[in-house]
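Asker: Can you read through this structure? Questions will come right after.
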Amino acid sequence: MLTPPDRSALELFGSLHDATGVLGGFGYAALLSLIAVRLPARGPRPMVDAIAAVGQRSMTCYLAQSVIWAVVFTPFLLDLSDPLTVAGTALLATTTWLITVLLADRMRRTGRRGPFETLVRRVTYRGSER
């Protein structure tokens with residue numbers, strides 16, 4: 001339906017995409033930090049607490065997201081790489097992230113560490129005095 005862009009345009013936009021992808025990530029992190037700082041420190045802050053819970057259980061959340069992506073896109077499992085559109089993939093990514101935020105927040109509210117953070121601590125401190 002569309003003619004592909006020429007090589008020079010792809011090289012220009014590819015470099016621009018690479019640069020803003022990395023720098024954009026830092027920009028989003030800075031923006032979210034500024035928003036979190038400006039939120040009132042008193043009273044309940046459920047969104048800030050939930051996202052902070054993800055940071056405290058980052059290995060568990062990362063591995064959970066990796067498992068979901070592997071199951072969805074691995075050829076011998078669900079193999080949805082062809083049927084999913086860009087919008088479908090974005091929806092899957094957003095849903096996956098929201099699920100990990102909800103799970104991390106639930107662990108925070110029940111006073112539990114992430115299972116992989118617990119495993120790393122157990123392996124790291126094995127045999128040392130407590």
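Asker: Under a crude label model (7 Å from the Cα following the beta-carbon direction), how far is Asp18 from Leu80 in nanometres?
Answerer: It works out to 3.1 nm between the two label points.
Asker: OK, next. Restricting attention to the alpha-carbon atoms of the chain, what are Rg (one decimal) and Dmax (integer), both in Å?
Answerer: Spelled out, the Cα radius of gyration and Dmax of the chain are 19.7, 67 Å.
Asker: Right, another one. Want the number for Arg7 to Thr124: 0.36 nm per residue separation, take away the alpha-carbon distance, what's left?
Answerer: Numbers: separation 117, 0.36 × 117 = 42.12 nm, distance 5.00 nm.
Result: 37.1 nm gained on full extension.
Asker: How large is the Rg to Rh ratio of the range 57-130 when both quantities use alpha carbon positions and Rh follows Kirkwood?
Answerer: On the way: Rg = 16.1 Å, Rh = 14.2 Å.
Rounded to two decimals, Rg over Rh is 1.13.
Asker: Count the net charge of all other residues whose Cβ sits under 15 Å from the Cβ of Leu39, scoring Lys and Arg as +1 and Asp and Glu as -1.
Answerer: Neighbour charge sum, excluding Leu39 itself: +2.
Every number in this text was worked out from the coordinates using simple rules, so none of it is lab data. Not measured: the values here are computed from a predicted model. Glycine gets a Cβ as well: all are built from the backbone with ideal geometry, and neighbour counts include every protein chain shown.
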